[in-house]
Amino acid sequence: MSTSFNLAWRLFRHEARRGELTIILLAIVLSVAAVLSLSLFSERLQGALKSRSAAFIAADAQLRSGEPIDENWLAKAREEGLSTAKQVATRSMVFSGDNMSLVDLRAVNQQYPLKGAISVSDQPFGEKQEINALPAEGEAWVQARLFQALNIALGDEIEIGDGVFTVTRVLVDIPDAGFSIFNTDPITLINMNDVERLGVTGPGSRVRYIGYFSGEVSALSSFSDWLLPNLNDELHAWRTVADDESAIGRSVANAERYFLLASLLAIVLAAVSIAVAAQRYAQRHFDPVAIMKTLGATSQLIRQVYLIQIMLITLLGIAIGLVIGFIGQQVVVSLVAEQVDVSLDVWHWRPLLIAVATGATCALLFSLYPLLQLFSVPPLRVLRKDISANLRSRSLQFIASGGAIFSLMWMYSQDLKVSAILFSSGIALVLGLLAATYVLIVLGRRLGSGRMGPWQLAWARIKRRAMDNSVQLISFSVTIMLLLVVLVMRNDMVSQWRSQLPEGTPNYFLINITPDIQPKLDRHFNDNGIQIDEFYPVIRGRFVAVNDEGVNTAVSKEDEPNREGRQGLGREANLTWSSTLQKENKIVEGEWHAGTDTLTKEGLYPVSVEAGVAERLGISMGDKLTFNVGSEIVETSVTSIREVNWQTMQPNFFFVIHPDAMASFSPTYITSFYLPTERKPELTNLLRPFGSITMFDVDARINQVREIVDQVSVAVEFILVLVLMAGSLVLIAQVQASMDERRQEIAILRTLGAKGGLIRRSVIYEFLIIGSVAGFMAALANELSLYMLQTSVFQMEGSLHFEYWAIAPSVGAVVVGILGAFGCWRLLTLNTSQMLRKMV
Amino acid sequence: MIKANSVTKIVNTSEGSLQILRPISFEVKSGESVAIIGASGSGKSTLLGLLAGLDEVTEGEIYLDDEGLHNMDEEQRAVLRGNKVGFIFQSFMLVQSLTALENVMLPAEIAGLDNPKKLATDILEQVGLKHRANHFPNQLSGGEQQRVAIARAFITSPKILFADEPTGNLDAKNSEKIESLLFQLNKDKGTTLVLVTHDNALAQHCTRQLTMNAGELTETTSRVDEQHIEAV
C-alpha cells in the first residue's frame, strides 16, 4: 500500500504543479462550487420565502378540526420544541341596537399568530399598522365594514351570542383571514377566554377549531409524522405552507421547483464536465500504465495508484469547490440583499452534504469507466502505440454514467417525475445527436475532399475524429440545452407570474349590488374616472342532486361527518349566468352555451361546470344537475366543462348557467375596480351614496403577492446567472480538453508548413460547425423537456419557442467558435518544437 | 537464460488471420548479447514482445530463466518482469509527470527494493545525469532521456535486458554514447541482452546476430565465430 500511495502522491503532486490536473480538478471544483452555491443560496432564499408565506397561514402548519383540538396533541407539539396557538372560528350574528350583521368570529389565544402579524387602523378604512397585542377579555376588534353595517364607532358596545363586547380597535387584517370574495363576512376578533360565555359553540353551530404549529423543520416533521396517523380525515385537515394553493403558494412552489431544476441541471452540467475531463485524464495515463505494467507493476498496484490519485484529486477539488462555492454565494447574497430577503443563517448542512456527495459521486462514478479502460491497457503498448485499452463494452459506461446521473437527480430532488423527464429528454438528445453526428460524418466525407482550404480541413477533421466529435457534440448540446431550459423556463415563469397581476389589476371588489343600483353605480364610477369591471349576477343556491340522486347538502363536512351518499359541494354555491364565456376560462369538454338553443334536447337548461369541481364531485358531460334557489328548483344539464385560472384576481364560478334559466330570479351583482393607491382616500366618499353595497379590499393582498413575485423573480434571475456561469465554464473546460487532443495535429500541420491563419480558420470553422449543430439539437431537446416540465411539473401551459431554434444554433456557433479560436490561438503561440516536445 | 520452442504468433484481422511469426526456436545463454535484426515489419518487435512476456504466444513455449512464460497469466508475467527483466525503448517511454530520479526509482519501488532513492541516485551518477535528477523528461534532450531509461533499466540489476531500437531516435553522436553506456553496464552487471535493431553497426556490438525475415528467424553469425574465423 505504501508503494502505491507514494507513487500516487508523487504523480498527483507533480501533475498538480505542472497544471496537468487542471481540467479534471476544474470540473470537480465547478460541480461542487455550483451545487453548493446554488443550493445554499436557494436554501437561504427558501427559508425567507417560507417564513413569508408562513404568514398567510399564521404558522408553519395548521390543524383544522371540527371538534376541539386534543390538548395532549398540543402538549406533544410543545414537547417536540414547537410553539403552538389556538383559534376558534365560527359565523355568528352581531347586534348593535336595531342593527345586526353576520360576522366571521375569530377567538384566539395569547400565542396567536405564530407567524405574520395582526394589523389595525385608527379609523375605518384608515392607514393600517401592525400591532403586537390582542383584544383583552370583553373587547372586540372588528373590521371596517362592520362599522358601516352596524353604524357604530370605536368604544360602542356590540352583542355576540350571550356576551357584550366593547369595540376597541378597527381590525384591518389577520394573517390567515383567507382569501375569498364570497362568504366574506367582516372579521371580528375576540379573546379565547370569552368563547365559553358566548354560547355560540354549542351543538348545531358550525365551529372550526384551528391549532397552529411553528418551529424547526425537523421538529415539525417528526411531530406531523406522529400526528397524522391519529387524524380522522372526516374531521381533521393538516395544512402546511407547502399545501398553500393560493396564487402566492403556487408561485413559491413553482419557484422552489425552479431552484430544484436549476440545481439538478447544475449537477448534470458538472457530471458532463467531469465525464469529459475523466476521459481525457485516463487517455493521458495510457502510457504511464503500460510503462508501469512493463516494469512489473501488478494490476492491483495500478488500481491502487489510480484510485488513490482520483481520491486525492477529488478531495482537493471538493475542498477548493466548497471555498469558491461559499464565497460565490456570499457575494451573490450581498449583491441582492437589498432586493431579496434571504435567511441570515449562513450555514446549512444540507447544501454542504449535497455538494460534497455530488462532487464525490460524480468524480468516482464518472471516472469509473475511463479508469477501467485505463486498468485494461496492455503492457504491449510500450512497443505498439496503436494498442490502447482492451475494454470495448461501452454499455458499461452508459450504465455507469446514466445510473449516476439519474440517481443523483433522484436523490437530490426526491422527485421521480422531474428526474425522469430530464433524464429521458437527455437520452432522446443523445440519440438524436448520434444520428446528427452520423449525418455530419457523411457530409464531411463529401465536403472534406478536394483542395485543402480551411473548410476542407475542418470537415476532414470532423470526419476523422467522428467518435471524439460525437462525444464533444453531445457534451456541447447537453450544456446548451440545460442552459436553454433554465433560461426559457425562467422567462416563461416570470412572465406568467407578472401576467397574473398586471398593472391595473382590480384591487377592490363590490358585492351585494342590487339591480336597481347597478346602473347608478356604473354611472357614478364613470363620472369619477374609475374604470369598473363587468357586473356578474350572483345568486346563492344549493346544489342538491346529480341525475336526480340527492347529494350531501351539508354545509360543512363537520356537520354530518359520517353521512353516506354522493358528495356535495359542502356549502351554498354562488350561481351565475351568462351567455359570454368569462376571460381566462377555457372550455375543455363540450361546447359553451352561447348559441340560441335555450334548452338541451332533454328539455333542460345548459350549465357549464368548472373542471376541478366536476372531477371532485364526479360530474360528467350530460349529467342532470339540480339546484335549489330560494324555494325554486332549477334543473340543468352539463353541456360544457371549463378550466378556470384560479390564480387571477377575478371572480370565478363553479357553475355558470344559461341566462334563460335564471330570468325569474332577482340577483345581486358583483364587480371589481382598480383604484390607484394615491386615490385611496377617496374611497369612503366614493361609496357613500351606496350604503347597501359591501366593499372588499384586496389591495393589500395584491401588493403582498406582487412583492413576493418580484422577489422570487429577482432571485430566479440570479440563479439563472449562476447556472449560466457554471455552463460557460463547462464549455470552456470542454474546448480546452479538446484542444489538448488537437495539439498533436496542429504540431504536424505546422511542421508541414501550414500557415497559422489556415490552421486557426480551420479550427474555428470546425467549432462553428459543431457549435451550430449542438445549438440546434439543444433547441429541439429544450422544447421537448420544457413541454414536459411545464405541463406536468410546473402546472403551466406548454409553449413552443421557435425563436430559440434560430438563436441557439447562432449563439452556439459563435460562443463555441470563439472559445475554439481562443484555445487555438494559445496553441499557435507555442512554437512548433515546443509543441512537438509536449507530444512526446 | 532464454529458450523459445516453436513459437508462433497469429493475429486476427478484419481480412482473416495473419501469421506474423512462423515457428521459431532458439536459445540465448546467460550473459550473451543477441541482436535481432531485420527490416521494418519483419516481426522483430513482435518477437521481442513475446520473449519479454508483454504479449502471449499463439503456439509454442518460451522459458525465461527456466520459468515458462507460456503457462503464466499477465499478473505472473508482470511479477517475473519486475524481478528479472529490464527494458529500453526507442521512444524512451519515461513517465512524463515524474522526474528523472523518480522514473529511475520506479522499477525499484515496484519490486519492493530497499532505499530506491539511493539506488537511483547512484545509477544516475553512473550514467552522468546526477545533476539532472530533478528534471522532467521534457526538460531533457533525447540522449539524456535515453540515459535515464538505461539507468531505469539497470536499477533492479535484471538478469535479462530487452532493448527495442535503443538508438533509433537519436543522432549519431548520442547513439554512440548510448551504445557504449549500454554495453558497458551490460558487461559490468553481467546481464543477458536481447536487442532489436535495424542498425547493423549496433548489432555488430552483440555476440550474436539473428535475422528476422517475414516472420522467420535465422542465425546470421556470432562475433565469437567471426573472431574465430579471423584467427584461423
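Using a ≥ b ≥ c from the Cα gyration tensor of segment A:87-151 (square roots of the eigenvalues), is it rounded, prolate or oblate, where a/c under 1.5 gives rounded and otherwise the larger of a/b and b/c decides, a/b for prolate? Could the numbers behind the result be given before it?
Details: a/c = 2.25, a/b = 1.33, b/c = 1.69.
Verdict is oblate for segment A:87-151.
Given axes a ≥ b ≥ c from the Cα gyration tensor, I'd like to know whether segment A:479-557 is rounded (a/c under 1.5), prolate (a/b larger than b/c) or oblate. Note, shape of segment A:479-557 comes out oblate.
Of all DSSP-defined beta bridges confined to the protein assembly as shown, some 75% are antiparallel rather than parallel.
Looking only at segment B:2-231, where both bridge partners belong to it, what percent of the DSSP beta bridges are antiparallel (to the nearest 5)? Mind dumping the intermediate values first?
Details: 22 of 40 bridges.
If I count the DSSP bridges inside segment B:2-231, around 55 percent turn out antiparallel.
Given the pairs B:Lys130/B:Lys159; A:Lys583/A:Lys680; A:Lys128/A:Lys583; A:Lys115/A:Lys583, which span a C-alpha to C-alpha distance of over 31 angstrom in this model? The answer is A:Lys128/A:Lys583; A:Lys115/A:Lys583.
Projected onto their three principal axes, the Cα atoms of segment A:30-138 cover extents of 74, 40, 21 Å, largest first.
A full extension of the chain between A:Ala435 and A:Asn99 corresponds to an added length of 113.0 nm, given 0.36 nm per residue minus the alpha carbon distance.
Considering segment B:2-231, its Cα convex hull presents a mean projected area of 13.4 nm². Per-residue extension of 0.36 nm, minus the Cα-Cα distance of A:Glu137 and A:Ala806, leaves a gain of 233.9 nm for this segment. So in segment A:576-661, what percent of DSSP beta bridges are antiparallel if you round to the nearest 5? Here the antiparallel bridges make up roughly 65 percent for segment A:576-661. For the protein assembly as shown, with the dipole built from +1 on Lys and Arg beta-carbon atoms and -1 on Asp and Glu ones, taken about the Cα centre, which of A:Leu353, A:Ile619, B:Val7 lies farthest toward the positive end? Ranked along the dipole, the leading option is B:Val7. Compared with the direct C-alpha span, the chain from A:Thr791 to A:Phe665 gains 41.3 nm at full extension, assuming 0.36 nm per residue. Of the candidates B:Gln146, B:Gln209, B:Gln96, which one comes out as most mobile in a Gaussian network treatment of chain B with C-alpha springs shorter than 10 Å? Comparing B:Gln146, B:Gln209, B:Gln96 in the GNM, the peak value goes to B:Gln96. The fraction of Cα-Cα pairs per 5 angstrom bin, counted from 0 for segment A:640-722, comes to 3, 9, 13, 15, 15, 14, 12, 9, 5, 3, 2, 1, 0 percent, rounded to whole percents. For B:His135, nonlocal amide neighbours, meaning residues 5 or more places apart or on other chains whose placed amide H falls under 5 Å from its own, are B:Ala100, B:Leu101.
Hey, how much of the P(r) for segment A:83-214 falls beyond 19 Å, as a percent of Cα pairs?
Numbers: 3856 of 8646 pairs.
Percent of Cα pairs beyond 19 Å in segment A:83-214: 45.
Considering only A:Met93, A:Gln110, A:Ser214, the residue lying farthest towards the positive end of the dipole of segment A:83-214 is A:Ser214, judged by Cα position with unit charges set on Cβ.
Considering only B:Ser40, B:Ser180, B:Ser14, the Gaussian network model of chain B with Cα springs below 10 Å gives its largest mean-square fluctuation to B:Ser14.
May I ask you to list, by number, the DSSP H helices of chain A whose Cα span along the axis is at least 20 Å and whose average Kyte-Doolittle hydropathy reaches 0.5 or more? Walk me through the intermediate numbers first.
Working: long enough: A:2-17 (22 Å, -0.63); A:22-54 (45 Å, 1.29); A:247-284 (55 Å, 0.91); A:299-336 (53 Å, 1.77); A:349-366 (25 Å, 1.53); A:395-413 (26 Å, 1.05); A:416-447 (45 Å, 1.75); A:466-500 (49 Å, 0.75); A:699-751 (75 Å, 0.63); A:756-792 (52 Å, 0.94); A:802-829 (41 Å, 1.31).
For chain A, where a helix must reach 20 Å along its axis and average at least 0.5, the hits are A:22-54, A:247-284, A:299-336, A:349-366, A:395-413, A:416-447, A:466-500, A:699-751, A:756-792, A:802-829.
Across the options A:Leu26, A:Phe654, A:Leu40, the greatest Cα extent toward the positive end of the charge dipole of chain A (unit charges at beta carbon of Lys, Arg, Asp, Glu) belongs to A:Leu26. For the protein assembly as shown, the 222 nm mean residue ellipticity estimated from helices alone, with every DSSP H stretch of n ≥ 4 adding -39500 (n - 2.57) and the total spread over all residues, rounds to -16500 deg cm²/dmol.
Among the listed pairs A:Lys293/B:Lys118; B:Lys44/B:Lys118; A:Lys86/A:Lys586, give every one whose C-alpha distance is greater than 30 Å.
On the way: A:Lys293/B:Lys118 23 Å; B:Lys44/B:Lys118 36 Å; A:Lys86/A:Lys586 41 Å.
Pairs exceeding the cut-off: B:Lys44/B:Lys118; A:Lys86/A:Lys586.
Once you reduce segment B:29-82 and segment B:150-185 to the center of their Cα atoms, the two points are 19 Å from each other.
In chain A, excluding the sites themselves, the longest stretch lacking any of the GluC sites (Glu not before Pro) that are in a DSSP loop with at most 13 other Cβ atoms within 10 Å is A:603-796. With R₀ fixed at 25 Å, the C-beta to C-beta distance from B:Gln19 to A:Ser299 puts the FRET efficiency at about 0.25.
Neighbour counting of Cβ atoms within 10 Å sorts the residues A:Arg17, B:Arg81, fewest neighbours leading, into A:Arg17, B:Arg81.
Treating the protein assembly as shown as a set of equal point scatterers at the Cα positions, no solvent, please give the Debye-formula log₁₀ I(q)/I(0) at q = 0.08 Å⁻¹. The calculated log intensity ratios at q = 0.08 Å⁻¹ are -0.92.
Nearest 20 debye, what's the magnitude of the dipole of chain A about its Cα centre given +1 on Lys and Arg Cβ and -1 on Asp and Glu Cβ? Each step should come with its number before you reach the end.
Numbers: 71 positive and 80 negative charges, 1518 e Å.
Here chain A has a charge dipole of around 7300 debye.
Where a number appears in this text, it was derived from the coordinates with a stated rule and is not lab data. Keep in mind that what you see is a predicted model, and the values were worked out from it rather than measured. We place every Cβ from the backbone using ideal geometry, glycine too, and count neighbours over all the protein chains shown.
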